[in-house]
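We did not get these values from a lab; they are worked out from the coordinates using the rules stated. In this text, all values refer to a predicted model and were calculated from it rather than measured experimentally. We place every Cβ from the backbone using ideal geometry, glycine too, and count neighbours over all the protein chains shown.
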Amino acid sequence: MSIRKDKKSGVWQLDIRAPGGQRIRRSTETTDRKAAQEYHDKLKASMWRQEKLGEAPYKSFEEAAVRFLRESEGQRDYATKLRHIAFWRERFAGRPIGSLTTDDIVDALPTHRVNPKKPATPLARATLNRYIATIRRMLHLCVDWGWLDVVPRLPIYREPKVRVRWEPQQTIAALIRAMSLPWMRDAALVAVSTGLRESELFGLTPAHVDLQNRNAWITHDRAKSGRARSVPLNDDAYAVIERRMRQAKRYIFTRDGSNLIIGQHDRRIFERACRAVGIEDFHWHDLRHTWASWHAQQGTPLMVLKELGGWETMEMVQKYAHLSPSHIAAHANTVNFWSRLDEAEKTPLEKVA
């Protein structure tokens, strides 16, 4: 019999032979006999078309997901991919990977972020693009594996322009003073002195710092770009790190009395400090924007800023270019002419007449 019912679970199991002779046994993941029979028939037909017509082999969504995650192990964004695949599996469990269409994927996209303690909030287009990017990557790999003939055309939602938010030095100084936790004050000062991202900062260990040469480095597994880089320490950053390293064990920045890594800053403390000094719409990552903006204003070349901040492309640094007019100011006098005329030549023609 090609399908049989498991006595314990009530789920129907299939047992068939492919045209090439290999035996295939698997669960249909359903207790409905009619649905199990339909799954059996479609699988058998798909294998025949694969053998006789050269079509891509039948593979389930789960098979593709498992192989995709296995090949993604060790990547910096693996946790994000794992979360996305878990979401997509809830929508497409048991589906042949080749049956997914553009409409299927777009219609299944999440719409809101749900928090039991807060009202549901619509997901940003950037978040939707990340969900799409994960499944698009998986489908492209399926083509490489010979499991799929073509990838459905998936949309890319237009995201808002990159936000650049910065504050002047006296405001940032007041913000740091307003933080009630010492480790938060230290972390904020180093963040705005080096441009380190939050995960890079809190992942910093004593082994990643060379005090003698006033330098730290970010390993490839901590860097967003996946490229290790050197981070020179200015006087402010050096003073904080040198002091904290005297007692540091596993990480330089820890909550008092703990050796555990800090996942993220204390938002309540940060938001309270912002309110205290009258700053609105300011987030921790804006300390990095502030650092980059100060550099641009002081004339640091954008190519140098790119290397200091660990950005992958110049396009990511161009958002600070408008703050650095010095590199074009020298050329402004190229078309200067009026100031070169003598007073007689500047006299309006009607007065001469």
Item checked: Cβ-derived FRET efficiency at R0 30 Å, ASP107 paired with VAL11, nearest 0.05 -> 0.65
Notebook entry, point to check: Relative to the present Cα-Cα distance, how much length would full extension add between LEU82 and ARG250 at 0.36 nm per residue of separation?
Noted result: 57.7 nm
Check: Can you give the calculated 222 nm mean residue ellipticity of the chain, where each DSSP H run of n ≥ 4 adds -39,500 (n - 2.57) and the sum is split over every residue, rounded to the nearest 500 deg cm²/dmol?
Finding: -13500 deg cm²/dmol
Margin query: Please state the shape class of the stretch 3-50: rounded when a/c is under 1.5, otherwise prolate if a/b exceeds b/c and oblate if not, all from the C-alpha gyration tensor.
Written below: oblate
Next item on the list: State the extension gain, in nm to one decimal, for the chain segment bounded by THR127 and VAL114, taking 0.36 nm per residue of separation less the distance between their alpha-carbons.
Entry: 3.3 nm
Notebook entry, point to check: For labels at ASN234 and LYS42 in the simple 7 Å Cα→Cβ model, what's the distance in nm?
Noted result: 6.0 nm
Item checked: Candidate aspartates and glutamates for bridging to LYS7, where Cα separation is under 20 Å - those fewer than 8 sequence places away on the same chain excluded -> ASP15, GLU29, ASP32
Next item on the list: Can you find, among PRO155, SER99, THR121, the residue farthest towards the positive end of the dipole of the chain? Put +1 on the C-beta of Lys and Arg, -1 on that of Asp and Glu.
Entry: SER99
Check: With Cβ to Cβ distances under 14 Å as the rule, what net charge do the other residues near HIS289 carry (K, R +1; D, E -1)?
Finding: +2
Check: Under a Cβ-Cβ cut-off of 14 Å, what is the net charge of the residues other than HIS112 that fall near it, where Lys and Arg count +1 and Asp and Glu count -1?
Finding: +3
Next item on the list: Once you have a ≥ b ≥ c as the square roots of the Cα gyration tensor eigenvalues for the stretch 169-329, tell me rounded if a/c is under 1.5, and otherwise prolate or oblate according to whether a/b is larger than b/c.
Entry: oblate
Item checked: Along principal axes, Cα extents of the chain, largest first, whole Å -> 104, 74, 42
Notebook entry, point to check: For the chain, modelled as a GNM with alpha-carbon contacts under 10 angstrom, which of ASN234, ASN115, ASN129 fluctuates the most?
Noted result: ASN115
Next item on the list: Have a look at HIS331, HIS285, HIS112 and tell me which one the Gaussian network model of the chain (Cα, springs below 10 Å) gives the largest fluctuation.
Entry: HIS331
Notebook entry, point to check: In which sequence would CYS274, CYS142 go, from the one with the fewest C-beta neighbours within 10 Å to the one with the most?
Noted result: CYS274, CYS142
Next item on the list: Pick out, from ILE176, ILE269, VAL231, the residue whose Cα sits farthest towards the positive end of the charge dipole of the stretch 169-329, with +1 on the Cβ of Lys and Arg and -1 on the Cβ of Asp and Glu.
Entry: ILE269
Check: Short version: ³J(HN,Hα) in whole Hz for each residue of the stretch 112-128, in order, from phi by Karplus 6.51 cos²θ - 1.76 cosθ + 1.60 (θ = phi - 60°), x for Gly and Pro, what are they?
Finding: 9, 8, 10, 10, x, 9, 9, x, 5, 10, x, 6, 6, 4, 4, 5, 4
Next item on the list: Measure up LYS81/LYS224; LYS161/LYS224; LYS5/LYS42; LYS161/LYS306; LYS5/LYS59; LYS8/LYS81 against 25 Å on the Cα-Cα distance and list the ones that go over.
Entry: LYS8/LYS81
Margin query: Could you give the length gained by full extension between ARG340 and THR30, i.e. 0.36 nm per residue of separation minus their alpha carbon distance, to one decimal place?
Written below: 102.8 nm
